[in-house]
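Novice: The structure that follows is given in the form of C-alpha cells.
The values are calculated or read from the model by the stated rules, or taken from the named source; none is laboratory data. Owing to the predicted nature of the structure, the values given are computational and were not obtained by experimental measurement. Methodologically, a virtual Cβ is constructed for each residue, glycine included, from the backbone with ideal geometry; neighbour enumeration extends over all protein chains shown.
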Amino acid sequence: MRKFPIWIAMGCCLVAVAIAALAQAGRRSGLWEMNSTMTWQQSPMPAGMQMPAGANSPFGGGAHTTQMCLTQAMIDKYGAPVPQSRGGCTTSNIKMSPGGMTADWICTGMMTGKGTLEGTWTDPDHSTSKVHFLGSMQMGPNAVPVEYTITATSTYKGADCGSVKPVPMPDK
C-alpha cells in the first residue's frame, strides 16, 4: 500500500520527462530561414520624418529575410531563437511547453524596457514567433519612448549551416 504513492510520483516524473523529450526532439538544429516583419507602434524617429524606401535601418520597419544557424544548445535552453542583442538585454522567466515557449526580454542601457517573447511550433520544420517591446531609447541627452512588434515565420532548411555561423547564446 505504501509503494502506491511512490509509483504515482515516479509515473508522473516519467510522463514529464517524456513530454519534455518529445518537445525537444520536435525541433531541429541547423540552418533556418526567418521571414520577419517589424512594426513600430511608437518609433524613435522624429514626427514626420521617415526612412527612404529601401533603406536598411532598424527604424524603417518592414519585412526582412535572414538565415540563422540554430544549435541544439539553443533549442535545449530556449526552445527557439531568441532576439539578438548588442548588449544590455537578457532573457528571463522562460517557460517551455510541448508546442511553444514564452519569456521576458529585459533591456537596460541605451535601450531600456521590457519585451515579451512567444514562439510556437506545430512540426519540426516550421515555427512562428512574436516579440513585443515597450520602453525607451537614449537619443542624445533624451530618452525617447519606443514600442515595436516583430512577427516571424521560420522554416528549417537543413542540418548543414554552410557559411552561416551559429546564433550566439545570450548570457542569461
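Novice: Would you be able to say whether some residue in the stretch 97-119 is under 20 Å from Asp76 (Cα atoms), in a loop (DSSP other than H, G, I, E, B) and in contact with a Lys or Arg (Cβ under 9 Å, 6 or more places away or on another chain)?
Specialist: No, the stretch 97-119 contains no residue that is under 20 Å from Asp76 (Cα atoms), in a loop (DSSP other than H, G, I, E, B) and in contact with a Lys or Arg (Cβ under 9 Å, 6 or more places away or on another chain).
Novice: In addition: Is it the case that the stretch 114-127 has a residue that's modelled with pLDDT under 85 and either under 10 Å from the mean Cα position of the chain (by Cα) or at positive phi (or both)?
Specialist: no
Novice: For the stretch 55-62, check the following and say yes or no: at least one residue is in contact with a strand residue (DSSP E or B) (Cβ under 7 Å, 6 or more places away or on another chain) and at pLDDT 80 or above.
Specialist: No - not one qualifying residue is present in the stretch 55-62.
Novice: So how many residues does the stretch 69-96 have that are under 19 Å from Thr153 (Cβ atoms), in a loop (DSSP other than H, G, I, E, B) and modelled with pLDDT of 85 or more?
Specialist: So the answer is 0.
Novice: Within 16 Å of the chain's Cα centre (by Cα), closer than 19 Å to Asp76 by Cβ and part of a strand (DSSP E or B) - does that describe any residue in the stretch 131-147?
Specialist: No, the stretch 131-147 contains no residue that is within 16 Å of the chain's Cα centre (by Cα), closer than 19 Å to Asp76 by Cβ and part of a strand (DSSP E or B).
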